[in-house]
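Peer 1: Once you've had a glance at the structure underneath, I'll fire off some questions.
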Amino acid sequence: MKSKATWFHGGCDVCTTAEHDLVDGLDKTRFDIEKVNLVTHRARLGEAEKAGIKTLPALLIGSQVFHVNHGADLSDLK
């Protein structure tokens, strides 16, 4: 069974580099990966916040949040 992985990002250079270096390298046989740009999909801000995301970019696997580098605070998008 695949684990759900959601990549929350803001489309900035930090996010794009981390997506390329980290997320695109995840084993797609193990993870069902969804990429969510919170700048263009603001309706999902509440979902990210509820999951515990504080900064972007961040990778959510199951209920575990992994904050990667620092592109922006989630609060900057509100």
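The values are calculated or read from the model by the stated rules, or taken from the named source; none is laboratory data. Here the structure is a predicted model, which is why all the values come from computation and not from measurement. Here the Cβ is made from the backbone with ideal geometry for all residues, glycine too, and neighbour counts use every protein chain on show.
Peer 1: Quick check, is residue 43 small (Gly, Ala, Ser) and assigned to a strand (DSSP E or B)?
Peer 2: Working: small (Gly, Ala, Ser): yes; assigned to a strand (DSSP E or B): no.
So residue 43 does not fit the description; no.
Peer 1: Out of the range 40-53, which residues are among the hydrophobic types (A, V, I, L, M, F, W, C) and either under 9 Å from the mean Cα position of the chain (by Cα) or surrounded by 12 or more Cβ atoms within 10 Å (Cβ to Cβ) (or both)?
Peer 2: 45, 48, 51, 53
Peer 1: May I pose another question? Please count how many residues of the range 14-35 are surrounded by fewer than 16 Cβ atoms within 10 Å (Cβ to Cβ), in contact (Cβ under 8 Å) with a residue 12 or more places away in the chain and among the acidic types (Asp, Glu).
Peer 2: 2
Peer 1: Any residue at all in the range 54-64 that is among the small types (Gly, Ala, Ser) and surrounded by fewer than 16 Cβ atoms within 10 Å (Cβ to Cβ)?
Peer 2: We begin by selecting, within the range 54-64, every residue among the small types (Gly, Ala, Ser); these are 58, 62-63.
Still in the list and also surrounded by fewer than 16 Cβ atoms within 10 Å (Cβ to Cβ): 62-63.
The answer is yes, given that some residue of the range 54-64 is among the small types (Gly, Ala, Ser) and surrounded by fewer than 16 Cβ atoms within 10 Å (Cβ to Cβ).
Peer 1: Same structure, new question: Which pairs turn up if I take residues in the range 57-74 that are free of Cβ contacts under 8 Å to residues at least 24 places away in the same chain and look for partners that are of a type in the set (Gly, Ala, Ser) with beta carbon separation below 7 Å, at least 6 apart in sequence or on another chain?
Peer 2: 65/51; 65/52; 65/58; 66/58; 67/58
Peer 1: What do you reckon, is residue 27 among the acidic types (Asp, Glu), farther than 20 Å from residue 72 by Cα, in a loop (DSSP other than H, G, I, E, B) and out of contact with any His (no Cβ under 7 Å at 6 or more places or on another chain)? Working first, answer last.
Peer 2: Working: among the acidic types (Asp, Glu): yes; farther than 20 Å from residue 72 by Cα: yes; in a loop (DSSP other than H, G, I, E, B): yes; out of contact with any His (no Cβ under 7 Å at 6 or more places or on another chain): yes.
Against the criterion (among the acidic types (Asp, Glu), farther than 20 Å from residue 72 by Cα, in a loop (DSSP other than H, G, I, E, B) and out of contact with any His (no Cβ under 7 Å at 6 or more places or on another chain)), residue 27 qualifies.
Peer 1: A further question follows. May I ask you to list the residues in the range 1-12 that are free of Cβ contacts under 8 Å to residues at least 40 places away in the same chain and either surrounded by fewer than 14 Cβ atoms within 10 Å (Cβ to Cβ) or aliphatic (A, V, I, L, M) (or both)? Spell out the reasoning first.
Peer 2: Here is the first cut: in the range 1-12, the ones free of Cβ contacts under 8 Å to residues at least 40 places away in the same chain are 1-2, 11.
Scanning the range 1-12 gives 1, 2.
Peer 1: Can you tell me how many residues within the range 46-58 are of a type outside the set (Gly, Ala, Ser) and part of a helix (DSSP H, G or I)?
Peer 2: 3
Peer 1: Return the residues of the range 13-39 that are under 20 Å from residue 70 (Cβ atoms), hydroxyl-bearing (Ser, Thr, Tyr) and either more than 12 Å from the chain's Cα centre (by Cα) or modelled with pLDDT of 95 or more (or both); say none if nothing qualifies.
Peer 2: Listed by number, the list holds a single entry, 17.
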